[in-house]
Every structure is written in structure tokens, then in C-alpha cells.
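One structure is given here, and the rest of the page talks about it.
The values are calculated or read from the model by the stated rules, or taken from the named source; none is laboratory data. In this text, all values refer to a predicted model and were calculated from it rather than measured experimentally. In this analysis, Cβ positions are derived from the backbone assuming ideal geometry, glycine residues included, and neighbour counts consider all displayed protein chains. Ligands, DNA and RNA are stripped out before the accessible areas are found, and what is left, the full protein with its side chains, is counted by its heavy atoms. Shrake-Rupley method; radii C 1.70, N 1.55, O 1.52, S 1.80 Å.
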Amino acid sequence: MILYRCRTPTNWLCRCGTVARRLEKLGVDFEQVRVPQRRSQRIEIEELTGQRWVPVLVDGQEVIWDSHRILEYLSSRAGSRDRPAPTA
């Protein structure tokens with residue numbers, strides 16, 4: 001997974017940090033990409049999502065933006081790992 005996030009140096013001051021903390025809590029391996037402070041310079045984010053806000057999480061072919069949507073995605077993903085496999 002790749003987390004595109006702001007340049008804030010701590011995980012406690014922004015929504016990007018909230019997502020990073022959740023990923024760490026879930027034990028997910030992820031790469032962090034710090035994007036430019038100015039939204040006008042976030043070309044890569046715009047190419048991925050059509051907008052220039054962070055955080056953005058890329059999980060394979062899935063591209064999720066908005067911290068609330070990312071946290072929901074991570075919760076559903078973690079929940080699916082905890083469910084037992086269906087039996088025939």
C-alpha cells in the first residue's frame with residue numbers, strides 16, 4: 001500500500017496521521033509519500049484521484065481518498081480477514 005500524505009512531521013496533527021496510525025495499528029506494510037504543501041503542485045494526486053487533497057491510499061488497483069473513506073476501507077478490509085472462511 002502507498003499512503004500519499006501531507007508534510008506534517010507527526011502523526012497527531014492531521015488526518016493523514018490518523019490514517020498512518022490506523023495502518024500501523026493494523027500491522028499493514030505501507031510506503032509513505034509526502035506530497036508538496038501547495039495543492040497546485042500535487043499533480044500526481046490529481047492524476048490518481050481527479051482532486052488534490054490528501055490523504056490518498058493506493059492498495060493495488062484501489063485508490064481511496066478522504067480520511068473517513070480510507071478508515072472505512074481499512075476497517076472492512078481488516079474485518080474480512082477476521083471472518084472465518086465459508087464452509088460448504
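With respect to L48, is the statement that it is under 12 Å from the mean Cα position of the chain (by Cα), of a type in the set (A, V, I, L, M, F, W, C) and closer than 26 Å to G79 by Cβ true? When the stated conditions are applied, L48 does not pass them.
Here's the yes/no breakdown for (1) assigned to a strand (DSSP E or B); (2) loosely packed, with under 13 Cβ neighbours inside 10 Å; (3) among the aliphatic types (A, V, I, L, M):
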| site | (1), (2), (3) |
| --- | --- |
| E44 | no, no, no |
| L57 | yes, no, yes |
| H68 | no, yes, no |
| S80 | no, yes, no |
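Could we say that R7 is more than 12 Å from the chain's Cα centre (by Cα), surrounded by 18 or more Cβ atoms within 10 Å (Cβ to Cβ) and not small (G, A, S) here? No; evaluated as a whole, the condition is false for this residue. Counting only residues that are within 14 Å of M1 (Cβ to Cβ) and not in a helix (DSSP H, G or I), which one in segment 22-42 is least open to solvent (accessible area, probe 1.4 Å)? The extreme case among them is V28.
From the list V19, V63, the lone residue that is under 28 Å from G79 (Cβ atoms) and not in a strand (DSSP E or B) is V19. Scanning segment 43-74 for residues that are in contact with a helix residue (DSSP H, G or I) (Cβ under 9 Å, 6 or more places away or on another chain) and among the polar types (S, T, N, Q), we see that the one that is farthest from R7 (Cα to Cα) is Q51.
Once segment 10-21 is narrowed to residues that are among the β-branched types (V, I, T) and within 10 Å of the chain's Cα centre (by Cα), the residue that is surrounded by the fewest Cβ atoms within 10 Å (Cβ to Cβ) is T18. A search for C-beta distances below 7 Å between a residue of segment 62-88 that is of a type in the set (D, E) and any residue that is open to solvent by less than 80 Å² (accessible area, probe 1.4 Å) and at pLDDT below 90, counting only pairs 6+ apart in sequence or on different chains, returns nothing.
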